[in-house]
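Before any comments, here is the structure.
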Amino acid sequence: MAKVKGAVVINTENCKGCGLCIYACPTDTLGFSKEINSKGFNYSEMVQDECIACVSCALVCPDAVITVYRMKKDKAV
Amino acid sequence: MSEMLLMKGNEAMAEAAIRAGSEGYFAYPITPQSEVAEYMAREAPKHGTVFLQAESELAAINMLYGAAGAGFKVWTSSSSPGISLMQEGISYIAGAMLPCVIVNVNRGGPGLGTIQPSQGDYFQTVKGGGHGDYRLITLAPSTVQEIADYMSLAFDLAWKYRNPAMILMDGALGQMMEKVQFKPYTDPGRDFSWSTRGKKEDRESNFITSLFIKPEEMEQVNLQLQRTYREIEKNEVRYETYEIDDADLVFVAYGLSARIASKVMHILRNKGLKVGLVKPVTLWPYPYKILHDLADRVKGFFVMELNAGQMVEDVRLGVNGKKEVGFYGRMGGMIYSPEEVAEKVEAFARKIGM
Amino acid sequence: MGITVSLENMDKIYERPKTLKDQVMHYCPGCGHGVAHRLVMEIVAELGIQEKTIGIAPVGCSVFAYYYMDIDMQEAAHGRACAVATGVKRMMPDHYVFTYQGDGDLAAIGTNETIHACNRGENITIVFVNNAVYGMTGGQMAPTTLIGQITTTCPSGREQVANGYPIRMSELVAQLPGTTYVERVAVNTPARVRKAKKALTKAFKSQELKKGTSFIEIVSNCPSNWKMTPVESNKWLDENMLPYYPLGLYKDEISGE
Ligand SMILES: Cc1ncc(C[n+]2csc(CCOP(=O)(O)OP(=O)(O)O)c2C)c(N)n1
Ligand code: SF4
Ligand code: SF4
Ligand code: SF4
Ligand SMILES: [Mg+2]
């Protein structure tokens, strides 16, 4: 079965850098940013293009700042 | 006019609430006013009014908070120990600006006290009771007819100002059988656009709260409350006067004491002492002005209360040192006889040189 | 710098529910309250009941829930949420009414209101966030604090002789004939969040049956007062909370319908 391809968009400004999404991600797609947001948090961001759109990160995110996308079926490689 | 009925004070209260279109009643039984809950349990369902016996007065007052917060016309009743338990909720209700009616059928305290009538809860009612700077519109009936009349008035004032209203009476009035006539009632119309009846798409969500963490905001809320209180003080002071035109001495008494005061007046007038009576109807806002005005032309005031002297402090505020204010009280459920009071008044009259 | 991935040809499959206001919640990083709020609001959105849902906020860290949940709400006095909810529901029996309460609120100061609402079978949903501590007031002992757990008011660990036992509310209310659905869930892993959402959905829908109270206990964390990182707190929850507060269904009288 072809691997599902996905991506996440994180509202980094509202991310509190708790790291729960990073811990929950099964593909190590997410990591802490080097920069900090205006509230002083090292936010979460995609660090590699391995997302499988499993939504795990969004499910555990207490601040509901993650949006998850999945490649349309017919476009899947 | 509707027909004349013979009813107990407690039952007239409940009937009046139903006729005033109350939509819900939440309460916990306590003597001397358990008949109210019993009456509501029996009659409320016939009028589509919600009745619920709560697990405590604490729960009852918070049920009232919820129901009033949803914009319904609701009330509760209890007696002193139960009203004490409600103080937390009353403070929240005042803070959240919720209209509702609370009846206190005052019994003797402190503590579990006695089930006999008392006026010992005056301070609690008009000087606070719960925490924070708030006021309860307070009505004090002295007849069964007034219990009925003030019930609808209490609802209307509560809704007009979005402020809780209390009816403060005592066990004797609750048990008293008297003639009563229920005047036809029309609701003046109520705005409950602020209430929680479900967020509609065309408006922001409503919330009921008394929490304002920022002191700047909390002060604004307090100022808003104070503006409301000044409005109420301006518009809603109510009292009745009896034979004050030629009076040299003026009684000030409310509720059961006002009834006894009129008997004392009779005794003393027969003895040639010209006494009149001011009967406050609203204990808050208090009728200071009439007392202040009378102080210029009468020789003295005499306050009788079924407590150690509570309202007398407000009378002294009104009189403002212009004349002597005498006091006589009984406590613990004991009631003075008119003769007993008359003797005290005569002594007081002599003392002030009348 | 993180990487940027093109969203071309991609479908949005998950986003923040519209019923959650566009507000940053005041909760500490990693706090389970945020997840619990989001789940409740997802359900309200998915069931299409925003216009018919009234929430009751407690006193506790979630006291400001009404700033985040885009529904009509009332803020109750500490512990009185179930009584307030009763008042609302009795007046509007066809609305969905829920309380959202912490352990101090629901199981200490408000135990009486909780038990009696459940015993009357009020048709409300009780969302109980058990984080074994008083979060808002700075980490004092809660009725659900575990034996041996250190808090600011049991600095050498909760001791049964002095403080009694941690109270298991789901087990307790499941005993009452008034409850119709009782489940204990957690929100510290993706799978558990999915399960929690199922339970909450069922709880809210059960109000339509008018058969009694639905009670969902969410075992949650308090990284700040537990003095752990969010990830550590979720592990601690697994290892310490769950053995004493087993997840699972405690009562279900609605599935057969
Ligand atoms: C009558 C009263 N007593 C005490 C408090 C102080 N207080 C506020 S929140 C709280 C405990 C909150 O703990 P919990 O219910 O577990 O909620 P959490 O913050 O953990 O989510 C206390 C004791 C109060 N607000 N009112
Ligand atoms: S959707 Fe799944 S794979 Fe993608 S970032 Fe989130 S957790 Fe990782
Ligand atoms: S879980 Fe949410 S708040 Fe926490 S780091 Fe990830 S995106 Fe940020
Ligand atoms: S104190 Fe604890 S419960 Fe409160 S917001 Fe912070 S982590 Fe959450
Ligand atoms: Mg807690």
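A few remarks follow.
- Of all DSSP beta bridges in chain C, antiparallel share, percent nearest 5: 20
- Whether segment B:278-327 is rounded, prolate or oblate, judged on the alpha carbon gyration tensor where a/c under 1.5 counts as rounded: oblate
- Backbone N under 20 Å from the C:Tyr244 label point (7 Å along Cα→Cβ), restricted to segment C:21-49: C:32-33
- Residues of segment C:1-27 falling in the label zone of A:Lys75, defined by backbone nitrogen less than 19 Å from a point 7 Å along Cα to beta-carbon, are C:3-15.
- Using a cutoff of 8 angstrom between alpha carbon atoms and counting only pairs six or more residues apart, the relative contact order for chain B works out to 17 percent.
- Order by protection proxy (mean Cβ within 10 Å, highest first), peptides C:134-143, B:193-202: C:134-143, B:193-202
- Cα-based values for segment A:6-72, radius of gyration first and Dmax second, are 10.9, 36 Å.
- Summed buried accessible area for B+C [probe radius 1.4 Å, Å², rounded to 100]: 2800
- Span from the segment B:18-71 Cα centroid across to the segment B:254-295 one, whole angstrom: 34
- Three-way shape call for segment C:17-117 based on the alpha-carbon gyration tensor, with the a/c threshold at 1.5: oblate
- Packing rank of C:75-87, B:324-336, where each peptide gets the mean count of other beta carbons within 10 Å, highest leading: C:75-87, B:324-336
- An ellipsoid equivalent to segment B:156-242, defined through the eigenvalues of its Cα gyration tensor, has semi-axes of 34, 20, 14 Å when rounded to whole angstrom and sorted largest first.
- Mean residue ellipticity, 222 nm, helices only, chain A: the sum of -39500 (n - 2.57) across DSSP H runs of n ≥ 4, divided by residue count and rounded to 500, is -2500 deg cm²/dmol.
- Residue-averaged beta-carbon neighbours from other chains (10 angstrom radius) around A:5-18: 4
- Inter-chain Cβ neighbour count for B:211-217, averaged per residue, equals 1 (cutoff 10 Å, partner chain atoms only).
- Cysteine residues of chain A whose C-beta has no other cysteine C-beta under 4.7 angstrom: A:Cys15, A:Cys18, A:Cys25, A:Cys51, A:Cys54, A:Cys61.
- Estimated inter-spin distance, B:Glu339 and B:Asp191, nm [label 7 Å along Cα→Cβ]: 5.8
- If R0 is 45 Å, the Cβ-Cβ spacing of C:Ser255 and B:Leu317 corresponds to a FRET efficiency of close to 0.10.
- Separation of alpha-carbon centers, segment C:53-100 and segment C:164-198, rounded to whole Å: 19
- Area projected by the alpha carbon convex hull of segment B:5-235, averaged over all directions, nm²: 12.9
- Carbon-plus-sulfur accessible fraction, chain C (probe radius 1.4 Å, protein heavy atoms only): 54%.
- When the accessible areas of A alone and C alone are added and the area of the pair subtracted, with a 1.4 Å probe, the result is around 3100 Å², both sides summed.
- DSSP-defined beta bridges in segment B:5-235 - what % are antiparallel, rounded to 5: 25
- Cα gyration tensor shape of chain C, rounded if a/c is under 1.5, else prolate or oblate by comparing a/b with b/c: oblate
- Heavy-atom surface of the protein assembly as shown, accessible at 1.4 Å and reported per residue (Å²): 39
- Sites C:Glu46 and B:Lys214, calculated FRET efficiency, Cβ-Cβ separation with R0 35 Å, nearest 0.05: 0.50
- Modelled label positions at C:Gln140 and B:Asn235, each set 7 Å beyond Cα in the direction of Cβ, lie 4.2 nm from each other.
- Three semi-axes of the equivalent ellipsoid, segment B:1-107, Cα gyration tensor, whole Å, largest first: 22, 16, 12
- For segment C:1-15, a reduction of at least 30 Å² in accessible area between the chain on its own and the assembled protein chains (probe 1.4 Å) is found at C:Met1, C:Gly2, C:Ile3, C:Val5, C:Leu7, C:Asn9, C:Met10, C:Asp11, C:Lys12, C:Ile13, C:Tyr14.
- Once all protein chains are placed together, B:Leu6 keeps about 120 Å² accessible to a 1.4 angstrom probe.
- Mean residue ellipticity (222 nm) of chain C, computed from DSSP H runs ≥ 4 via -39,500 (n - 2.57), nearest 500: -8500 deg cm²/dmol
- Ranked by how many other beta carbons lie within 10 Å on average, peptides B:120-131, C:236-247, A:53-64 from highest: A:53-64, B:120-131, C:236-247
- Per-q log10 I(q)/I(0), the protein assembly as shown, q = 0.05, 0.07 Å⁻¹ (Debye; single scatterer per alpha-carbon; no solvent): -0.31, -0.56
- Distance between modelled label sites at C:Gln175 and C:Ile147, nm, 7 Å Cα→Cβ extension: 1.8
- Residues B:Ala41 and B:Asp248, FRET efficiency given R0 of 51 Å [Cβ-Cβ distance, rounded to 0.05]: 0.50
- Computed in the context of the full set of protein chains, the accessible area of segment A:6-72 at 1.4 Å probe radius has 53% of its extent on carbon or sulfur.
- For the segment B:320-333, counting C-beta atoms of other chains within 10 Å of every residue's C-beta and taking the mean gives 0.
- Dividing the radius of gyration of the alpha carbons in segment B:240-351 by their Kirkwood radius gives 0.92 for Rg/Rh.
- Contact order, relative form, for segment A:6-72: 45 percent (alpha carbon pairs under 8 Å, 6 or more residues apart, mean separation divided by residue count).
- Using a Gaussian network model of chain C in which every pair of alpha carbons under 10 angstrom is joined by a spring, one finds that among C:Phe98, C:Phe128, C:Phe64 the greatest mean-square fluctuation is at C:Phe64.
- The calculated 222 nm mean residue ellipticity attributable to helices in chain B amounts to -12500 deg cm²/dmol, summing -39500 (n - 2.57) over DSSP H runs of n ≥ 4 and dividing by all residues.
The values are calculated or read from the model by the stated rules, or taken from the named source; none is laboratory data. Not measured: the values here are computed from a predicted model. Here Cβ is always computed from backbone atoms with ideal geometry, including for glycine, and neighbour counts include all displayed protein chains. Surface accessibility is based on the protein's heavy atoms, side chains included, excluding ligands, DNA and RNA. Shrake-Rupley method; radii C 1.70, N 1.55, O 1.52, S 1.80 Å.
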